[in-house]
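The values are calculated or read from the model by the stated rules, or taken from the named source; none is laboratory data. Small disclaimer: the values here were computed from a predicted structure and weren't measured. Cβ: placed from backbone, ideal geometry, glycine included. Neighbour counts: every protein chain shown. Heavy atoms of the whole protein, side chains included, go into the accessibility calculation; ligands, DNA and RNA do not. Shrake-Rupley method; radii C 1.70, N 1.55, O 1.52, S 1.80 Å.
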Amino acid sequence: MKSLKSLWQRADRRLWVLSILIGFVVTWLVNIVPFINKVERFAVFYLLLYGAFAIWTGFTLQNWRRCWQAFVFPVSFLLAAHLFGPKYSLYFAPAYLAVAYLAWSMVRANWNK
């Protein structure tokens, strides 16, 4: 229990809150609101918004030695996509994790030079 408490104290709370809000709440809203069609959902939200957020996640974690917090957004997105979204949206969660890790590793590579 003590290790979980120290882990939470060291975690980036802003990243956690935004990841859960965007990953779960926005995904839930996008999938239940009737005036957003499939093309807008795919292009605007799945590609642009969530892709940009995954890149921002990687940049935000640049000062962290390990990037385990990059899992928060894809996991919350995966949960919401499984519960409310179409089947094809499940494949985006590993892509967002890969994009966040790629952004984190590129920033870390430039940071270590």
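Things to note:
- Filter result for VAL25 (β-branched (Val, Ile, Thr) and loosely packed, with under 14 Cβ neighbours inside 10 Å): yes
- Residues of segment 31-48 satisfying the condition of being over 27 Å from TRP68 (Cβ atoms) and assigned to a helix (DSSP H, G or I): ASN31, ILE32, LYS38, VAL39, GLU40, ARG41, PHE42, ALA43, VAL44
- Of everything listed in (1) in contact (Cβ under 8 Å) with a residue 40 or more places away in the chain; (2) not in a helix (DSSP H, G or I), the single unmet condition for GLY51 is (2).
- All positions within segment 6-57 that are under 9 Å from the mean Cα position of the chain (by Cα) and hydroxyl-bearing (Ser, Thr, Tyr): SER19, TYR50, THR57
- Subset of segment 28-60 that is β-branched (Val, Ile, Thr) and closer than 23 Å to ARG14 by Cα - its residue that is surrounded by the most Cβ atoms within 10 Å (Cβ to Cβ): THR57
- Criterion (open to solvent by 90 Å² or more (accessible area, probe 1.4 Å) and of a type in the set (A, V, I, L, M, F, W, C)) met by exactly one of PHE92, PHE71, PHE84, PHE77: PHE71
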